[in-house]
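In what follows, a structure is listed as structure tokens, so that the remarks can point back to it.
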Amino acid sequence: MNFDDFVRNLSISELGKTKIEPEEFIKLFKEKKAILLDIREDFEKEVVKFPFAIEIPINKLPDNLEKLPKDKIIVCACPNAYRSVFATNYLNYKGFNAKNLTGGLSKLFSEHLNGNKAKAILDVLS
């Protein structure tokens, strides 16, 4: 399928299927059914790193597709889920099973990786 046909086949219902909540990602990661793809730029990772993520900046995705598994859900993430929407659609076009982390890394961090929850979640994800 060429990219024009891919875009023609996009619909609201199909796009909705590409979203994944942090809780569902954590569950699937724990079951070894999903990975987290951190698409932030290198300078952004200097502030906060996620040791359990595969790190490929969005502009380097085309040259690094071989680093991604075809047998797992690839959960694309950036701070607020703007760039990751594009990455998710790009990877799906390339034949991967990709989903966009709802709320981005900000939501994952603020709701699951702070306070008392952080150690328990990091033990699962690391």
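The values are calculated or read from the model by the stated rules, or taken from the named source; none is laboratory data. Note that the structure is a prediction, hence the values are computed from the model and not measured. Every residue, glycine among them, receives a Cβ derived from its backbone with ideal geometry; neighbour counts consider all protein chains shown.
Taken over segment 46-90, the criterion of being of a type in the set (D, E, K, R) and under 16 Å from Lys107 (Cα atoms) is satisfied by Lys49, Arg83. When Lys49 is tested against (1) in contact (Cβ under 8 Å) with a residue 12 or more places away in the chain; (2) on the phi < 0 side of the Ramachandran plot, exactly one condition is not met: (1). Looking only at residues in segment 62-95 that are of a type in the set (Gly, Ala, Ser) and under 16 Å from Phe25 (Cα atoms), the one that is surrounded by the fewest Cβ atoms within 10 Å (Cβ to Cβ) is Ala81.
Taking segment 56-89 as the range and being of a type outside the set (S, T, N, Q) and in contact with a Cys (Cβ under 9 Å, 6 or more places away or on another chain) as the test, the residues that pass are Ile58, Arg83, Val85, Phe86, Ala87. Within segment 61-107, the residues that satisfy the criterion of being under 23 Å from Phe43 (Cα atoms) and of a type in the set (D, E, K, R) are Asp63, Lys67, Arg83, Lys107. Residues in segment 17-57 that are within 11 Å of the chain's Cα centre (by Cα) and among the basic types (Lys, Arg) were compared, and the one that is surrounded by the most Cβ atoms within 10 Å (Cβ to Cβ) is Arg40.
Selection of helices (runs of 4 or more DSSP H) fully inside segment 4-90 by the criterion of at least 2 residues being within 14 Å of Gly103 (Cα to Cα), at pLDDT 90 or above and not small (Gly, Ala, Ser) returns 22-30.
Which of the residues spanning segment 91-116 are over 16 Å from Lys19 (Cβ atoms) and not in a helix (DSSP H, G or I)?
At the first step, the residues of segment 91-116 found to be over 16 Å from Lys19 (Cβ atoms) are 93-95, 109-110, 112-116.
Correct list: Lys94, Gly95, Leu113, Asn114.
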